[in-house]
Structures are given as C-alpha cells and as structure tokens.
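Taking it in order: structure first as structure tokens, then the write-up.
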Amino acid sequence: MQHPYFKRHKSFSPTLTSNPSPNLGIAIVLPSFNEPNLWQSLQALANCNAPTCDVEVLVVVNYPEESSPEVINNALSCIQEVHRANELSKYGGLKFYPIDASNLPKKHAGVGLARKTGMDEAAWRLLQSDCATRVIACFDADATCTTNYLVELEKLWLRYPATAACSIRYEHPIEGNDFQSEIYQGIAEYELHLRYYVQAGKYIGHPFSEQTVGSSMACSADAYLRFGGMNKNKAGEDFYFLQKIIPHGNFRNLNTAVVYPSPRTSYRVPFGTGRAMTKYIENNSTGYLTYSIRAFQELKSFIDLAPTSLFNSTDDYTYNFMKGQPEPLRLFLEQNSFAQAIQEINNNTSSSENFAKRFFLWFDAFKLLKYLNFAHEKHYQRQPVVNAAKTLLELLGKKTDSGLPDAKQTLCTYRLLDAERI
C-alpha cells in the first residue's frame, strides 16, 4: 500500500528502475551541481568500513533550466563518475546511483529541491526494505568523512531505534595546503559562529538549539515521511528541515564519526558556508561578526521565567510581564502578538508541563533566530565572533588552551564542548 506521504505528493515518481536490496538500511543523498570534486566525496564513502546493512548512495546531479554548456557537460561527467564509483566499493552491499535532475525550474532549482528529490527517492526505496534500520543520511559533493561513518550511523539506530534524526559531528579543515591561508582563517571563524550560536542557545535554556548542517545530518525514513519531507529552500533547507523534527523529541548527536565539509567559497546559495566564505574574502578578511552575547544574556531570564510563570496567567499579568522585558525583546513580543499567543496556549493546556511544551512550539528556533536578527537591526551591535565566543566560554566556566591562534584555538574548545568532551 502506498504511503500517505506519496499520496499527497502525487508529482513524485521513482527515478531508479532497479529494485532495492531487502537489506537496504542506509541511503545517502548527495546533491551535485556543477561539482568539480565529486570523485573525492565518492571515494570517501567507498572507503568506509562496511555496516551489516546494505547502503545506497544517491547522487542527485542537478542544474537549472537554461544552464550553460559547461554546466551541462559537468553534469554528464558527474553521472559517469557515479557509475564508475561502483568499482571502488569494498563490499557488494554498497551501490552508487546517479539521479538525473536536469533542467530544474529556475524558481525552485537549488540545494533544497536537489535534497528533496534524493530524499524522496531514498524514502521510497527504504520502504521496500526488510532491514531493521531505515536511515536517510545527507552528504555534500565536496565533503569527506571518517571511515567509520556508515558503521556508526547504523550503530546509532540499532542502539536507539526510536531515533527520529541526528546531527553528525562535523569539522571544516582549518589547516592545510589545499586553500589559501585566508580561507582557513575564515572557515575557523564561520564554524566558530555556528557553534557559538548553538551553545549560546543552550546557555539560555532554549530546548531546540542543535547543529543543523546539511552535509552532516540524518533521519529515519519514518520521520522523514511523518514530518513532511524536505523543503525546496535554496539555502537554510537543513535548518528548516531538522527544526520540523527536533521539537518532537528523539533527536540525537552522533559524535563517534566525523564529516569534513569543504571550506571553499561559493555563489551557489544566498547564504551558508560558501557564501559566508566568499564575503569573508571579498571583505579582505576583516573578521566574522556574530550576535552579541548581551542579546543572549538579556533573553536568558525570559526563557527561564516565561514557560513557568505564565501558565494560567491573567491578561494583566502577561501584559506586565511583557512590558518588563528589555526594550528590543518587548518590541519583538508586541509585534508578534505575544499576549494573544499566551492566552491561546493557556486556553489549550491543563498542566504546566504542556504549557511549557506549547510555549516553545511558539517561541521555537525560528522565533529565536528572527528575534536575534530583529534585535541586531537597531539595538545591539554584532561582535567579532572570537570575542563573543570567549565571553560565552567564561560564562560556562570553560578555558581555551590549545596554543593555536585565537579563532582556531577557541574553535577547538567549542568542538570539544559540542562533543561533550569537556
């Protein structure tokens, strides 16, 4: 019987004609658009140690309509590389398949649609498997990984079969000879920004603060279908996708394997790693700016008090609570109909526990991000990321002592913090 997800998405039809293995347990989706280094990523996956289940790597070779001959020729070469990658397989349970997603409508063409195309296909194929694990993992065409990547993914779901999704440990290269020194400095600051943002969210007590990097995330096929699948966003698709799942629990962090995304510059997406690196170089490496630690500190008391003190609150109490917040937060709450939201939550909850859950479904990760952007338009100044990150470490009682230059030294501390090693 066809899954309800595919009944709703009637435009979907499977691309691959071969039947999946009954032991298919992991499907890796890898978008590839005008990609010069695809072979390196395919090799990294082929070099992985073999899990007990079978694995498929679905490479979505995509480009928008009216692309140049160079882009089209690159796509043809990438499709050939995917076929050739099957010669690299260490074991018969690993198969590489290209998915031809050429001439995508310009309105939607991008990484979100490419991931969706591959993840829909992966879910379709995993539904036909008899395997105990049915995992969809996302990778990138410029990423590599440790050789235990597949094994650790399988172990996670065998040990915790109710897992809906996970974030896999990632580390951009911050030293080497493949890129100019400014790139390594820039990526250290950008990754530090990503980790600072998540740790600051945890510091203020926001329950949905997790890493959401597209090249290092995975979900169960069941969760993928249950929560409506991938979106078509041209950037930020990873954040929006995982934040549909995270609030409902059973989200984990996989720290025993590592994905290594590329630090290269790129104009492919309107924001994200590639665009951030491009701006960093164009601005003559003046340093990456992030959200002020003060913005998080002033939000902390609101996060601490609102989920408990506003349960069964009167309209007057809610109004006075809102008026007592720092100016940027008060203005944001007023603009987002905070009093009405609290009244509605109270009208639909009978316990403080349910109120707190509903409160964070309202002031979720999207609201947090929107607030920080709103507050930094007129009220706070963005800070150099190293300064903000160090201040947060002090608040958390942590020290940096790796001996590397400031950004890299601080980043190493955050990596250990995220891996729960300090």
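Structure data summary
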| item | result |
| --- | --- |
| Condition check for Glu394: within 30 Å of Thr318 (Cβ to Cβ), in a helix (DSSP H, G or I), acidic (Asp, Glu) and out of contact with any Leu (no Cβ under 9 Å at 6 or more places or on another chain) | no |
| Output for segment 1-24, where each listed residue is outside any loop (DSSP other than H, G, I, E, B) and within 19 Å of Val59 (Cβ to Cβ) | Leu24 |
| Search result, residues across segment 87-124 that are of a type in the set (D, E, K, R), in contact with a strand residue (DSSP E or B) (Cβ under 8 Å, 6 or more places away or on another chain) and surrounded by fewer than 23 Cβ atoms within 10 Å (Cβ to Cβ) | Lys95, Asp100, Lys106 |
| Unique match (being more than 25 Å from the chain's Cα centre (by Cα) and without any contact (Cβ under 8 Å) to a residue 24 or more places away in the chain) among Ser89, Ser77 | Ser77 |
| Number of positions in segment 142-166 that are among the hydroxyl-bearing types (Ser, Thr, Tyr) and either at pLDDT below 95 or buried (at least 23 other Cβ atoms within 10 Å of the Cβ) (or both) | 1 |
| Filtered residues of segment 176-228 (kept if under 14 Å from Phe239 (Cα atoms) and among the β-branched types (Val, Ile, Thr)) | Val198, Thr212, Val213 |
| Selection count where residues are assigned to a helix (DSSP H, G or I) and closer than 18 Å to Asp364 by Cβ, scope segment 323-338 | 5 |
| Meets criteria (outside the structural domain of Ser220 (by TED's automatic domain parsing), modelled with pLDDT under 95 and not polar (S, T, N, Q)) for Glu298 | yes |
| Matching entry among Tyr317, Tyr260, Tyr240 (being surrounded by fewer than 23 Cβ atoms within 10 Å (Cβ to Cβ), at pLDDT 85 or above and touching a strand residue (DSSP E or B) at 6+ places or on another chain (Cβ under 6 Å)) | Tyr260 |
| Where Tyr317 falls short, out of the listed (1) farther than 20 Å from Gly201 by Cα; (2) in contact with a helix residue (DSSP H, G or I) (Cβ under 7 Å, 6 or more places away or on another chain) | (2) |
| Hits in segment 320-347 - residues which are exposed (fewer than 13 other Cβ atoms within 10 Å of the Cβ) and either within 19 Å of Pro207 (Cβ to Cβ) or not polar (S, T, N, Q) (or both) | Lys323, Gly324, Glu327 |
| Residues within segment 350-369 that are touching a residue at least 24 places away in the same chain (Cβ under 8 Å), assigned to a helix (DSSP H, G or I) and of a type outside the set (A, V, I, L, M, F, W, C), tallied | 2 |
| Residue satisfying condition, being in the same structural domain as Ser11 (by TED's automatic domain parsing) and in contact with a Lys or Arg (Cβ under 7 Å, 6 or more places away or on another chain), within set Glu56, Glu70 | Glu56 |
| Filter result (at pLDDT 95 or above and farther than 12 Å from Val60 by Cα) within segment 92-127 | Gly93, Leu94, Lys95, Ala123, Trp124, Arg125, Leu126, Leu127 |
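The values are calculated or read from the model by the stated rules, or taken from the named source; none is laboratory data. Just so we're clear, the structure is a prediction, and the values are computed from it rather than from any experiment. Ideal geometry is used to build each Cβ from the backbone, glycine not excepted, and the neighbour counts take in all protein chains shown.
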